[in-house]
Amino acid sequence: MKSRLGSIEVFPPADKYIYMDAASVGLTHSKGATAISNWQKDLAEKGTVAFTEKDEVKCLDNLNNATAKLFNTSVSDIATASSETVLMSSLAWAVMPPKGSNIVATETSHPSTTYPWMRVAEHSGSEMRWAKADQSLSIDPDEIEHLIDENTSVVCLSHVEWGTGQVFDLKRFADAAHKNGAICVVDATQSAGQIPIDIRISGVDAIATSTYKWLCGPFGTGMMYLSPELQKLSPGIIGWRSHRDMWDFQADRLEYVDSAKRYEFGTMAYGTAFGATVSTNYLLEISIEKIAEHNRKISMHLLDGLQDLGAIILGPKDPNNRSAIVAARFPNKDSADFASTLEKANVIASLRRDFIRFSPHLYNSIQDIDKGLEAIKAVI
Ligand SMILES: Cc1ncc(COP(=O)(O)O)c(C=O)c1O
């Protein structure tokens, strides 16, 4: 496992930096970036001659097809909008957990996973139930399961936790939710592109993701899978694209699209979807299984090396519950100072609270990790 999986031609900055920051913003696929600017340039030069009304109807289809492959489902189960947050919010208002029911989540989730549910809980009078983390910021999966009962309406999880990279077994929580008549809703923004996701195996009811992290796409695009049942609800956010014929333009008539596409409510920076299509298809061609295997090797090498340098690693001890995110504290070092020194040494990672989060991806090699560890050693 010497070489990178993602080439330098596709990810030129991987040659310039020791870039271990996919959990913040992944390196963008260079041809994806070109697809976005080409679309914008054509629009600027030719307007609707380049981007016709017919094009506008179909412009999200290629990304929806790629997303259906990514999640192993049908294209009619997929919707695209501008971000995970937007799609999750639309879903939360569509579901509207009833008064007196509870919503189970982890306190280590990303705010964009849980805020939409907190907002609707406040509106309807439902209860948020939080699984608590231990000192290493790990969540005991048994604790999540214990919180689920017959009054649970929604189990809402980040597939991979943004801080520690802890991975949850989606099938386990989908099964637990369904046994109690609840739905299981997942934010895959930290997992899509680094870990295989299979709707048919996991049985979850909804999955939403943004594209600028592990999918190596742009800001401005998010996709969501919806179960056939959730596709029948009235989305929380609706607009002209929600109508079955988006050019119908009759303000007092709304007939929803008969698929997940009813959650596609209006215009967006459409070009970003073309960029996300290029990067998602590129990852699929390599195969997410191969990427996960590569990332497991390089991130475990990093984790071992950091531990040898005296770092305290956050998150689960069992490698099976870990992803390529490695969060570390360095005893007697101020993490903020340490992070800025690392940046000067060309090691790109993120300072989060009082720890440093490293997140290598397919464009990193073992040599990169060794170079990074050498730089960290020198800083120490
Ligand atoms: C798990 C997770 N969800 C959502 C987001 C951000 O959501 P959005 O792209 O909708 O702003 C992040 C960003 O760090 C994240 O880690």
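Among the conditions (1) within 19 Å of His159 (Cα to Cα); (2) in contact with a Ser or Thr (Cβ under 6 Å, 6 or more places away or on another chain), the only one that Ser323 does not satisfy is (2).
For the stretch 5-23, a residue qualifies if it is surrounded by 16 or more Cβ atoms within 10 Å (Cβ to Cβ) and out of contact with any Leu (no Cβ under 7 Å at 6 or more places or on another chain), and the qualifying residues are Val10, Ile18, Met20, Asp21, Ala22, Ala23. Among the residues of the stretch 233-244, at least one is in a loop (DSSP other than H, G, I, E, B), over 30 Å from Glu374 (Cα atoms) and out of contact with any helix residue (DSSP H, G or I) (no Cβ under 9 Å at 6 or more places or on another chain). Within the stretch 200-226, restricting attention to residues that are crowded, with 19+ Cβ neighbours inside 10 Å and either away from the ligand (no atom under 16 Å from the Cβ) or at pLDDT below 95 (or both), the residue that is nearest to Asp61 (Cα to Cα) is Leu226. Screening the candidates Met88, Met96 for the property of being of a type in the set (A, V, I, L, M, F, W, C), more than 21 Å from Met246 (Cβ to Cβ) and in contact with an Asp or Glu (Cβ under 8 Å, 6 or more places away or on another chain) yields one hit, Met88.
Counting only residues that are of a type outside the set (S, T, N, Q), part of a loop (DSSP other than H, G, I, E, B) and within 15 Å of Phe358 (Cβ to Cβ), the stretch 151-175 holds 4 of them. Check whether at least one residue in the stretch 210-220 is outside the structural domain of Ala328 (by TED's automatic domain parsing), aliphatic (A, V, I, L, M) and assigned to a strand (DSSP E or B), and report yes or no. Scanning the stretch 210-220, I find no residue that is outside the structural domain of Ala328 (by TED's automatic domain parsing), aliphatic (A, V, I, L, M) and assigned to a strand (DSSP E or B), so the answer is no. Scanning the stretch 227-265 for residues that are of a type in the set (Gly, Ala, Ser) and either under 22 Å from Asn72 (Cβ atoms) or open to solvent by 80 Å² or more (accessible area, probe 1.4 Å) (or both) yields Ser227, Ala251, Ser259, Ala260. Considering only the stretch 46-62, I want to know if a residue exists there that is touching a helix residue (DSSP H, G or I) at 6+ places or on another chain (Cβ under 6 Å), farther than 16 Å from Cys216 by Cα and open to solvent by less than 20 Å² (accessible area, probe 1.4 Å). Yes: the stretch 46-62 contains one or more residues that are touching a helix residue (DSSP H, G or I) at 6+ places or on another chain (Cβ under 6 Å), farther than 16 Å from Cys216 by Cα and open to solvent by less than 20 Å² (accessible area, probe 1.4 Å).
Of the residues making up the stretch 187-199, those that are assigned to a loop (DSSP other than H, G, I, E, B) and either within 16 Å of the ligand (Cβ to nearest atom) or among the acidic types (Asp, Glu) (or both) are Ala188, Thr189, Gln190, Ser191, Ala192, Gly193, Gln194, Ile195, Ile197, Asp198. In the stretch 69-123, the residue that is farthest from the chain's Cα centre (by Cα) out of those that are within 12 Å of the ligand (Cβ to nearest atom) and in a loop (DSSP other than H, G, I, E, B) is Thr108.
With respect to the conditions (1) under 28 Å from Ala35 (Cα atoms); (2) away from the ligand (no atom under 15 Å from the Cβ); (3) part of a loop (DSSP other than H, G, I, E, B), Thr280 lacks only one, and its number is (3).
The values are calculated or read from the model by the stated rules, or taken from the named source; none is laboratory data. This structure is a prediction, so every number in the text was calculated from the model and none was measured. Glycine also receives a Cβ, built like all others from the backbone with ideal geometry; neighbour counts cover every protein chain displayed. For the accessible areas, the whole protein counts, side chains as well, though only heavy atoms, and no ligand, DNA or RNA atoms are used. Shrake-Rupley method; radii C 1.70, N 1.55, O 1.52, S 1.80 Å.
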